[in-house]
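The values are calculated or read from the model by the stated rules, or taken from the named source; none is laboratory data. Predicted model only: the values in this text are computed from it and were never measured. Heads up, the Cβs are rebuilt from the backbone with ideal geometry, glycines too, and the neighbour counts pull from every protein chain shown. Only protein heavy atoms, including side chains, enter the accessible area calculation; ligands, DNA and RNA are left aside. Shrake-Rupley method; radii C 1.70, N 1.55, O 1.52, S 1.80 Å.
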Amino acid sequence: MSDTPRKEGSIGLVMLLAAAFIAIALALALMGREDARPLVLGLLALLAVIGVFSLFAAAVGLIRFSDRRPADSFGQVISQDIPEGMLITGKGGRIVYANDAYKRLTDAERDADIRGVERAFAGDADASEAMFRLSRAAAAGRRAEEEIRIERPAAGTGVPDDRRATWYRIRVLPLTPRGGQKGTTLWQVADITQDRVRQEDVFRELQRAIDNLDHAPAGFFSADPGGRVRYLNATLADWLGYDIAETETASLTLDQVVSGDGAALVRAIEPAPGELRTETIDLDLIQRNGHPLPVRLLHRVAFDSAGNPGISRTLVLNRSAGGDAGADVAETVRAAEVRFARFFNNTPLAIATIDRDGRIRRTNAAFARLFSATSTGAPAKISAIGDCVGDSDRPALTEALDSAFSGQAEIKPVDAPIAAGANRMGRFFVSPVEDGDGEAAIVYALDITEQKALEAQFAQGQKMQAVGQLAGGIAHDFNNVLTAIIGFSDLLLANHRPTDPSFNDIMNIKHNANRAAGLVRQLLAFSRRQTLRPQVLMLSDVMSADMQVLLARLLGAKIDLKLEADRDPWLVKADLNQLEQVIINLAVNARDAMPEGGDLAIRTANETRGEDLKIGDGTMPAGDYVRLEVSDTGTGMPPEVLEKIFDPFFTTKEVGKGTGLGLSTVYGIIKQTGGFILCDSEPDRGTTFRIYLPRHIRRQEEAKPETKEAAPETARDLSGRGTILLVEDEDSVRAFAARALASRGYTVLEADTGVTALERMDEHDGTVDLVVSDVVMPEMDGPTLLKELRQRNPKLKIIFVSGYAEEAFAKNLDGGEQFHFLAKPFNLKELAATVKEVISG
């Protein structure tokens with residue numbers, strides 16, 4: 001393209017200026033003033049030289065006045081050999097330059113036929129939208145690229161309707177700086193028809209290959225290292241009962257397709273860095289309806305240089321079709337091999353064959369699952385049977401293998417932790433075998449983790465039960481001794497004034513007897529045989545003002561006590577005094593764990609659990625609970641200590657500073673109340689005890705819980721009248737109780753057994769106002785005695801005294817049987833008060 005008017009105007013301007021300079025010089029030369037002639041001649045000579053130089057420069061092109069064409073500049077930069085069409089447009093779409101390739105692509109034979117890209121391609125309906133986007137990009141000064149398809153008449157065919165598709169790639173590139181004035185734009189046009197045809201041919205070939213693979217007589221699938229099925233051909237999908245068009249096949253995994261532990265066997269190919277491994281595996285696939293499909297897999301996996309597996313490719317042969325009566329021997333043998341492989345891989349017992357060097361030769365699916373995965377889920381590289389167990393247990397397994405290699409038939413199984421798993425136990429059975437393939441032994445392995453856990457729980461339960469029975473028996477006998485000591489101390493105190501020298505000695509005897517009684521209560525609490533007095537209450541009752549003062553005194557000034565209570569707490573049914581004992585025990589333990597001081601928080605809250613919670617050897621069912629939480633910032637406990645904190649007589653304190661019964665007592669009280677207790681602790685992170693008590697729904701006949709208030713005790717008249725039958729096999733307890741009741745005005749009939757009690761009852765024709773009887777006695781126990789007494793006097797009142805819990809013998813009584821209870825050890829005042837209350841009705 002040219003700009004001829006601008007060129008001619010520029011040259012004419014140069015010529016005009018040059019002529020003007022010459023004319024001025026000639027005119028001044030003809031001037032006749034003699035005085036100005038030298039100056040004028042010099043000036044005119046200078047002007048003449050400038051004019052002649054300008055003519056010469058314009059003639060040779062040394063000086064140009066905007067007469068150079070832009071097209072000539074771009075033509076020097078852009079080579080005509082470029083196969084892509086290049087078009088440069090100026091402001092408003094004015095064409096500045098077009099190379100020969102662009103002219104050829106747009107059928108422009110002359111410069112006058114050159115059209116912009118929009119006009120050259122926008123006429124085709126298929127390309128109009130793409131051209132519109134390109135035009136918008138050019139106007140906005142943005143880069144853009146589009147591929148368009150245009151149908152044009154085929155050249156040289158002579159057929160009017162013969163049209164062929166041509167593909168073009170068009171790019172637009174602004175040449176002005178971003179943010180500057182939009183102007184010059186470069187358009188690139190390339191014919192990419194051949195590339196498109198080549199791509200379409202490749203796609204058609206690929207589609208043809210996929211169609212052939214989809215309808216091949218064998219199944220095929222590929223899976224990634226994580227076990228997700230990436231491709232499933234139509235044949236295998238049909239065998240499994242899936243529609244290949246359904247989206248469900250896109251989410252299949254090996255665990256869904258392969259039966260049992262077969263997926264672990266497929267993934268357990270031994271890594272070979274930089275190699276391609278192929279394995280033949282006989283197993284069952286799972287059809288969509290759940291039925292097994294026996295198949296043989298030709299499984300191929302490529303490993304990278306680091307031994308990491310890539311996408312696997314697996315050919316699947318259907319082995320479900322059975323042979324007919326005329327099948328040859330070879331086919332029968334192959335069918336037997338398939339059946340054995342199915343049994344071998346589907347058994348839940350892990351099986352591996354071992355050579356004499358201890359190397360694993362062949363494994364089944366269960367073995368691959370049990371030993372080929374670490375605790376992190378990554379595949380474990382196990383090539384020798386010794387790698388299946390830890391270093392400390394390897395000699396025992398090696399000894400068992402040596403016995404098998406020597407032909408020994410009976411070999412003791414080996415229990416050892418599984419090396420690849422976290423806290424898992426295995427039991428290994430070894431048997432000898434000899435074949436021509438180098439296999440010398442077979443190892444069978446079972447995962448006995450759950451069995452070992454159950455054994456440990458059972459052993460712990462047996463131990464706790466034995467200790468509980470021992471503690472309960474000791475407590476019962478000891479309570480009889482303490483009852484006599486406390487009782488006779490009361491009798492002595494009744495006959496001594498505080499000023500008597502022996503009064504303090506007797507008080508010390510009673511005080512220490514009461515301390516011993518507290519220890520017995522802890523033993524009974526652990527064995528869950530203590531006497532509870534449950535009442536409907538709110539846990540806020542436990543944290544009364546007196547209790548807070550007691551805790552503050554126990555904790556000391558270094559520990560900050562924080563109390564947090566729910567604003568609308570639910571009701572529970574528990575023994576208030578025992579719950580106070582629970583909090584005191586936990587607070588004292590927290591204090592001892594914070595020798596330098598810290599924080600102790602006691603919180604109560606309502607909690608609804610939507611599912612069961614496994615706790616040790618029991619389960620806390622779902623439901624509504626009131627949670628009591630005691631949390632400290634102390635030293636915490638390691639896991640090995642945390643496992644034993646509820647064991648009786650277990651303590652981490654120094655000798656003489658702890659009995660080891662504090663937490664076991666807490667545990668017994670909570671379990672006897674029907675609740676649950678959990679403990680979370682970490683070293684240097686503190687300890688938190690969480691107690692869950694079942695929510696109690698108050699019945700209409702139950703009174704509303706009253707806030708515990710301390711009421712001043714007033715002197716009571718404990719004397720009375722009536723005949724009391726006292727039945728107690730312990731002589732010292734019977735002697736004390738008889739003297740105590742007689743001193744209060746009662747007539748006491750004594751009996752040391754249940755049979756004697758019935759005789760004394762008959763001697764007095766059943767005219768007895770009250771029976772006070774022990775529960776555990778030789779010949780006839782308390783519940784049996786009550787049944788016999790009811791036959792003689794149905795309205796007879798009775799008080800049972802025992803060191804065991806009330807519930808321990810109440811189950812042996814008839815339903816609805818009315819009786820009263822007094823727990824041992826008791827003092828004179830408690831005995832007299834209970835008797836008077838029952839007799840007076």
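Residue-by-condition table, conditions (1) at pLDDT below 80; (2) open to solvent by less than 70 Å² (accessible area, probe 1.4 Å):
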site	(1), (2)
519	yes, no
522	yes, yes
525	yes, yes
532	yes, yes
537	no, yes
540	yes, yes
549	no, no
556	no, yes
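For the range 576-631, give me the residue count where each residue is of a type in the set (Gly, Ala, Ser), over 29 Å from the mean Cα position of the chain (by Cα) and closer than 15 Å to residue 679 by Cα. If you could, list the steps in order and put the result at the bottom.
Of the residues in the range 576-631, the ones of a type in the set (Gly, Ala, Ser) are 587, 590, 593, 597-598, 601, 605, 610, 616, 618, 622-623, 631.
Of the ones still in play, those that are also over 29 Å from the mean Cα position of the chain (by Cα) are 587, 590, 593, 597-598.
Filter again for closer than 15 Å to residue 679 by Cα, leaving 587, 590, 593.
Of the residues in the range 576-631, 3 are of a type in the set (Gly, Ala, Ser), over 29 Å from the mean Cα position of the chain (by Cα) and closer than 15 Å to residue 679 by Cα.
Every condition in (1) closer than 26 Å to residue 362 by Cα; (2) basic (Lys, Arg); (3) surrounded by fewer than 19 Cβ atoms within 10 Å (Cβ to Cβ) holds for residue 230 except the one numbered (1). A residue that is out of contact with any Pro (no Cβ under 7 Å at 6 or more places or on another chain), open to solvent by 70 Å² or more (accessible area, probe 1.4 Å), among the β-branched types (Val, Ile, Thr) and at pLDDT 75 or above occurs nowhere in the range 308-322.
Looking at the structure I just gave you, is residue 356 open to solvent by 30 Å² or more (accessible area, probe 1.4 Å) and either touching a strand residue (DSSP E or B) at 6+ places or on another chain (Cβ under 9 Å) or modelled with pLDDT of 80 or more (or both)? Talk me through it step by step, then tell me what you get.
Details: open to solvent by 30 Å² or more (accessible area, probe 1.4 Å): yes; either touching a strand residue (DSSP E or B) at 6+ places or on another chain (Cβ under 9 Å) or modelled with pLDDT of 80 or more (or both): yes.
Considered against the rule, which asks whether it is open to solvent by 30 Å² or more (accessible area, probe 1.4 Å) and either touching a strand residue (DSSP E or B) at 6+ places or on another chain (Cβ under 9 Å) or modelled with pLDDT of 80 or more (or both), residue 356 comes out as yes.
Listed conditions (1) open to solvent by 80 Å² or more (accessible area, probe 1.4 Å); (2) assigned to a helix (DSSP H, G or I); (3) at pLDDT 85 or above are all met by residue 506, apart from (1).
Which one is surrounded by the most Cβ atoms within 10 Å (Cβ to Cβ) among residues in the range 385-403 that are hydrophobic (A, V, I, L, M, F, W, C) and free of Cβ contacts under 8 Å to residues at least 40 places away in the same chain? Don't jump to the end; show me each part of the working.
Going through the range 385-403, the residues hydrophobic (A, V, I, L, M, F, W, C) turn out to be 385, 388-389, 396-397, 400-401.
Those left that are additionally free of Cβ contacts under 8 Å to residues at least 40 places away in the same chain: 389, 396-397, 400.
On the way: 389: 24, 396: 14, 397: 20, 400: 22.
Checking each candidate, the answer is 389.
Residue 596 - would you say it is under 16 Å from residue 689 (Cα atoms) and surrounded by fewer than 17 Cβ atoms within 10 Å (Cβ to Cβ)? Taking the combined requirement at face value, the residue does not satisfy it.
When residue 306 is tested against the conditions (1) over 31 Å from the mean Cα position of the chain (by Cα); (2) of a type in the set (A, V, I, L, M, F, W, C); (3) farther than 25 Å from residue 362 by Cβ, the lone failure is (1). Does the range 271-292 hold any residues that are surrounded by fewer than 15 Cβ atoms within 10 Å (Cβ to Cβ) and of a type outside the set (Val, Ile, Thr), and which are they? Once the filter is applied, which keeps residues that are surrounded by fewer than 15 Cβ atoms within 10 Å (Cβ to Cβ) and of a type outside the set (Val, Ile, Thr), the range 271-292 yields 272, 273, 274, 275, 276, 288, 289, 290, 291.
Here residue 688 clears all of (1) under 30 Å from residue 567 (Cβ atoms); (2) at pLDDT below 90 except the condition numbered (2).
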